[in-house]
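What follows is one structure encoded as structure tokens, with my remarks underneath.
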């Protein structure tokens, strides 16, 4: 793929099993991305550098996944003008994921973070693609085809269910 348009970051490599869904759907939709580990607590300098350089490196959107206290999405959003999509991750030290959800969701005015459902990195990838698509006809076409496939699956399921009566 070409120059990455979406950055996918996570607080720990253990979050990759969730965050890989964002990478997979971006690839399917033809959106170039980069993926790495950036911890708000263990590598704050790396987080500052990543967020501050993201726009200059050509990124248009950042997807940040984090569990537990989940400071990564909000801290990154405070350091860049790019849209940040937060993915709350139910981690091993999580309180059923609620700590992550509330930490990402409850951002102060002026520092918005779009927040998807718990472990919903796929939705974060789709949302990032929709944001990037505003300037790219190919991605728009890919999104339309993707959503048509979803519609077809539902209609097929309905036909199967209705014919089994």
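Any read-out appearing in this document is the output of simple, stated calculations on the displayed coordinates, not a laboratory observation. Since the structure is predicted, the reported quantities are computational estimates derived from the model, not experimental observations. All Cβ positions, glycine included, derive from the backbone under ideal geometry; neighbour counts span all protein chains shown.
Data for the structure
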read-out: Selected residue [over 11 Å from residue 65 (Cα atoms), more than 18 Å from the chain's Cα centre (by Cα) and surrounded by 13 or more Cβ atoms within 10 Å (Cβ to Cβ)] from 141, 133; value: 141
read-out: Residue match in the stretch 97-109 (condition: part of a helix (DSSP H, G or I), within 18 Å of the chain's Cα centre (by Cα), closer than 17 Å to residue 24 by Cα and without any contact (Cβ under 8 Å) to a residue 24 or more places away in the chain); value: no
read-out: Total residues in the stretch 19-28, condition in contact with a helix residue (DSSP H, G or I) (Cβ under 7 Å, 6 or more places away or on another chain) and either without any contact (Cβ under 8 Å) to a residue 40 or more places away in the chain or crowded, with 22+ Cβ neighbours inside 10 Å (or both); value: 3
read-out: Residue list for the stretch 50-74, restricted to those being in contact (Cβ under 8 Å) with a residue 12 or more places away in the chain, surrounded by fewer than 21 Cβ atoms within 10 Å (Cβ to Cβ) and not in a loop (DSSP other than H, G, I, E, B); value: 52
read-out: Residue within the stretch 131-146 that is out of contact with any helix residue (DSSP H, G or I) (no Cβ under 7 Å at 6 or more places or on another chain), closer than 30 Å to residue 99 by Cα and part of a helix (DSSP H, G or I) present; value: yes
read-out: Residue under evaluation residue 39, criteria (1) closer than 23 Å to residue 139 by Cβ; (2) without any contact (Cβ under 8 Å) to a residue 60 or more places away in the chain; (3) assigned to a loop (DSSP other than H, G, I, E, B), criterion not met; value: (1)
read-out: Residue check for residue 119: surrounded by fewer than 15 Cβ atoms within 10 Å (Cβ to Cβ) and under 15 Å from residue 18 (Cβ atoms); value: no
read-out: Extreme residue, surrounded by the most Cβ atoms within 10 Å (Cβ to Cβ), among residues of the stretch 8-18 that are out of contact with any strand residue (DSSP E or B) (no Cβ under 6 Å at 6 or more places or on another chain) and part of a helix (DSSP H, G or I); value: 16
read-out: Residue 91 vs. criteria under 17 Å from residue 121 (Cα atoms) and in a loop (DSSP other than H, G, I, E, B); value: yes
